Amino acid sequence: MSVLDDADRDALRGTLRAFIEREVMPHIDAWEEAGGFPRELYQRAGELGILGLGYPEELGGSPGDSTAIIILCEEFARTGAGGLIAGLCSHGIGLPPILNLGTDEQKRRFIPDVLAGRKIAALAVTEPSGGSDVANLKTVARRDGDHFVVHGSKTFITSGMRADYVTIAVRTGPPGLGGISMLVVEADTPGFTRTALDKKMGWWCSDTATLYFDECRVPVANLLGEENHGFLGIMQNFNRERLMLAAMAVAFAQVCLDESVAYARQRETFGKPLITRQVIRHKLVDMATRIHPVRTWLYQLAQRIDAGEWPIAEICMLKNAATQCVEFCAKEGVQIFGGAGYLRGAKVERIYRETKVLAIGGGAEEIMKDLAAKQLGF
């Protein structure tokens, strides 16, 4: 992952902003109501190098670092739709196990088409029986000649319905951490089926699904890394996912503040703009007070990660701080908007509904506290 300089970051932000203004903003409300966005958007994003940020250029990637991912989240957050980021960037959790654990042949086979937007990648770890307790996952893969025969199910899978490649965690060995492997399941594999989960509180335009594996025969050639050694790949993936979720939370908190300031300036009550009321100005200051330190922490951690550190405890604490920040800012934003904030169409309304998925996805708030405590020796 190449570190960008300030000029590169400015250019990236300009590219993202122009793309979003042209390709997304005119349509996002309709996509939310329709429960999905066009598959063609992946290819248009791929053509600009947006999907390839931070991936090796020989695989079709483009220069990028952790700060670049934060910039991506900030720009896409301007849409007020977390489902768009989650769906368009589901490869951000689907591809890293391939990149980190896969052979050169596997990387060349799976990654370039996804970064170009021709294929869609997803990650499947969570199961109906549980999400955070990864060490006890129940989807089983038994070796049968040159195939693994997979049986089980996964749920709450982003891009689950239309993913061409699904990176899944399966049990190939004994109970516990040492019996987990990672496989890539291709969409046309016999025994692989899926059903949509489309009655969600938020992330409406994101494709979410439950996946079923019924004697699903996956080639051994699709095993990532060594058999029974996949848990480390999952944990590395979680760290980056948590950083991105924190970035999304901070970015959406800023959108809530920006939208609230704009509304308070144009909305009049008793003959004066709403922003002239001290109580409203104090709410805005309270929102800004929550955002500034969390954003600073986010950027600092991004720099440390790009320098080779993995401050796991701080990533966990940051994710919690960021999601608590957006929950506060969304709540105050809806309050400032009043009745208008309770109607669909206001960004604060949509963000308010989407706060909980950020606090649950990638590791729930309670799990983050427990993991941080262990890392800190408490």
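The values are calculated or read from the model by the stated rules, or taken from the named source; none is laboratory data. Because the structure is a prediction, the values reported are computed rather than measured. Cβ placement follows ideal geometry from the backbone for every residue including glycine, while neighbour counts extend to all protein chains displayed. Just the protein is used for accessible areas: all its heavy atoms, side chains included, with ligands, DNA and RNA removed. Shrake-Rupley method; radii C 1.70, N 1.55, O 1.52, S 1.80 Å.
Some points to look at:
- For the stretch 38-86, the solvent-accessible area works out to 29 Å² per residue, with a probe of 1.4 Å and every protein chain left in place.
- Counting only protein chain heavy atoms and rolling a 1.4 Å probe, the accessible areas of Asp104, Asp29 rank, largest first, as Asp104, Asp29.
- Rolled with a 1.4 Å probe across the full set of protein chains, the surface gives Tyr212 an accessible area near 90 Å².
- Annotation: per residue accessible area for the stretch 231-359 equals 45 Å², rounded to a whole number [probe 1.4 Å, protein chains only].
- Lys374-Thr103 FRET efficiency (beta carbon distance; Förster radius 45 Å; 0.05 resolution): 0.85
- Between helix 231-266 and the chain: long-axis angle, C-alpha atoms, 0 to 90°, nearest 10: 20
- Extent along the principal axes, Cα only, for the stretch 1-116: 41, 33, 19 Å, with the longest axis given first.
- Label of the coordinate-derived value, Cα Rg over 2.2 N^0.38 Å, listed as [x] 1.00; [y] 0.93; [z] 1.07: [x]
- Per-atom-type breakdown for the chain gives carbon and sulfur 54% of the accessible area (1.4 Å probe, protein chains only).
- Computed lengthening from Ala313 to Lys199, 0.36 nm per intervening residue step minus Cα-Cα distance: 37.7 nm
- In terms of distances greater than 26 angstrom between alpha carbons, the cross-link table entries Lys200/Lys374; Lys119/Lys154; Lys200/Lys347; Lys347/Lys369; Lys283/Lys356; Lys283/Lys319 yield Lys200/Lys374; Lys347/Lys369.
- C-alpha long axis of helix 66-77 to longest principal axis of the chain, angle in °: 60
- For Gln43 and Val279, the difference between the fully extended length at 0.36 nm per residue and the C-alpha to C-alpha distance is 80.3 nm.
- Calculated mean residue ellipticity, 222 nm, the chain: -16000 deg cm²/dmol, from DSSP H runs (n ≥ 4) at -39500 (n - 2.57) each, averaged per residue and rounded to 500.
- Both the radius of gyration and Dmax for the stretch 201-276 are 23.2, 71 Å, in that order, over alpha-carbon atoms.
- The mean sequence distance of close C-alpha pairs (under 8 Å, at least 6 residues apart), as a share of the length of the stretch 276-378, puts its relative contact order at 30 percent.
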